[in-house]
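These notes concern the structure reproduced below.
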């Protein structure tokens, strides 16, 4: 099955209004490669300004609350993010799982909140170095997937991002064979969980993706795109990754 490549950037807790000028070059690259989906998850404070600046580019959030509204000080709902201009959100990123102690159950609820709001979800899964060294990587990741996958998950609104925790921001990446093997395991689990529709759900790789390693990573078996951290902060570093996804 042919699946459109998706290259999504995650600015994390970086950027200010001046930094939004970088979106101009990213939007131009997206327009130049219409067969590739390109998206940027901005800090909540920049979503509205970013969506207004580059309306053709898919702007998203980095997290949403599982509830539609309520007494949750400091949180934003999916509908709030959508009203600001977000079309999607990341949920279950390893930094939130570790630092905010988010469970699979909570990640699933957040993805389902996005679906209720008519938004897309990028659901993250991944193992630690200790789990990989113990030979538990595949079990951990597929178990996370089973617990985090929202009900009714389908390709038109849900993607999965595999991010080995030990590779995020470290400059280390698994071998292409390791990535392909894990994506194959995730694909098989998706088929078990949602049937034939699991073949259509996009699987992104995340973890120190750069212009140098993107050509190999993005064309490995069952890799349908990338979730990019630090390299998405500037057009100069991000645009070559988009071009790599397009095969250029």
Honestly the stretch 1-75 on the Cα gyration tensor test (a ≥ b ≥ c root eigenvalues; a/c under 1.5 rounded, otherwise a/b vs b/c for prolate or oblate) is just oblate
Highest average packing first - 164-177, 51-64, Cβ atoms within 10 Å
51-64, 164-177
Residues in the stretch 85-127 near a label at residue 136, defined as backbone nitrogen under 15 Å from the 7 Å Cα→Cβ point?
126-127
Please report the spacing between the Cα centers of the stretch 122-157 and the stretch 165-196 in Å, no decimals.
8 Å
What do the square roots of 5 times the Cα gyration tensor eigenvalues come to for the chain, in whole Å, largest first, as semi-axes of the equivalent ellipsoid?
24, 22, 17
Euclidean distance of C-alpha centroids, the stretch 229-248 and the stretch 19-43, integer Å:
9 Å
Normalised by the number of residues in the chain, what is the relative contact order in percent for Cα pairs under 8 Å and 6+ residues apart?
22 percent
Computed [θ] at 222 nm, helices only, for the chain once each DSSP H run of length n ≥ 4 contributes -39500 (n - 2.57):
-11000 deg cm²/dmol
Kindly work out what percent of the DSSP beta bridges joining two residues of the chain are antiparallel, to the nearest 5.
0 percent
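Bear in mind that the values in this text are calculations on the coordinates, not laboratory data. These figures come from a predicted structure and were not determined experimentally. All Cβ positions, glycine included, derive from the backbone under ideal geometry; neighbour counts span all protein chains shown.
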